[in-house]
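Since every read-out is calculated from the coordinates, none of them should be taken as a lab result. Not measured: the values here are computed from a predicted model. Note that we place each Cβ from the backbone using ideal geometry, even for glycine, and neighbour counts take in every protein chain shown.
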Amino acid sequence: MLSARWIGFAVFVVLLAAVCARLGLWQWHKLEARFDRNDVITRHFTTDPIDVTQALPEGAEVDGTTEWTRVSAVGTYDVEHQVTVKFTTRDGAPGADVVTPLVLASGEAVLVDRGWIETANNVTRPDVPAAPSGQVTIEGWLRKNNGAGGDAVKPTGGQVRAISSDAMADYVPYELANGYVNLQKETPAPATALQAEPRPELGQGPHFFYALQWWFFALLAVVGYFWFARAEAKERRNPTRIDGFAEKKPKQTNFSQPKTSTRV
């Protein structure tokens, strides 16, 4: 056990067990974050919608405590600066989300994800059903900007791969509120309705079992170390054992001349 080989093996096992234990804690923390998120969603969804300007005062950002707040707004859709979010899917079907700025009475605007349409799985911008014209009253919930950067959120040919009000700010001629709204209801209704964003899942996800899995790997590494040590110690105590059977010693042969007696 004090040889260089076994000391090196012990160091490797300790590092491996530590990494697995840390990954288990990481999954546990993700589980706790999931529970916190579920509590926020449940709390917001049990309250009545508030005006978007009240939920997002000037300069405010959508964060972990204000995301999923149910909001309402009155304004006019600006379809000239409408974009589609390509390569989104619903139940395995390809499609695109339609994001349209809603210009409020104050002159400021908020991005509204009006819903999803099924499209061909390519980069061609789809034909989008017309939004209601004139003044529109909407209801939905707030969402944070997507954390992607670069070309993913920059409008190109009227398309993006992720929604970000920060990136869209350079694309429109007015101030944009932070984040965006997932539309759930609008009045008047459009001639062709889009598929609204479904309510978020409130399950715990796979994080609990992933944590147990990583901790099991850590335990397995430690147990395996002692198992191999015991196996080698057993082998050292029985060096002549071959394939589980003791090696038989060959019988000794007496090559000396046998004694003879002479009978007279």
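Key figures for this structure:
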| quantity | calculated |
| --- | --- |
| Mean separation of Cα contacts under 8 Å (6+ apart) over length of the chain, as relative contact order % | 22 |
| Nonlocal amide H pairs with residue 71, under 5 Å, H built at 1.01 Å | 50, 140, 141, 142 |
| Binned Cα-Cα distances of region 129-177, short to long, each 10 Å bin given as a whole percent | 22, 42, 34, 2 |
| 222 nm mean residue ellipticity, helices alone, for the chain (DSSP H n ≥ 4; -39,500 (n - 2.57); rounded to 500) | -10500 deg cm²/dmol |
| Trypsin sites (Lys or Arg not before Pro), loop per DSSP, at most 15 other Cβ atoms within 10 Å - longest free stretch of the chain | 1-247 |
| Contact order normalised by residue count of region 50-187, Cα under 8 Å, 6+ apart, percent | 30 |
| When region 50-187 is reduced to its Cα atoms, the Kirkwood hydrodynamic radius in Å | 15.0 |
| Computed label-point distance, nm, for sites residue 133 and residue 5 using a 7 Å Cα→Cβ extension | 8.5 |
| Whole-angstrom Cα spans of the chain along principal axes, big to small | 145, 37, 31 |
| Residues listed by number, region 176-216, amide nitrogen under 15 Å from residue 63 label point at 7 Å toward C-beta | 178-179 |
| Alpha-carbon centroid distance for the pair region 208-231 / region 119-145, whole angstrom | 51 |
| For residue 177, residues with placed amide H under 5 Å, excluding near neighbours | 109, 110, 111 |
| For the chain, with +1 on Lys and Arg beta carbons and -1 on Asp and Glu, the positive-most of 72, 101, 158 along the dipole | 158 |
| Full-extension gain in nm, residue 191 to residue 54, via 0.36 nm per residue minus C-alpha separation | 46.3 nm |
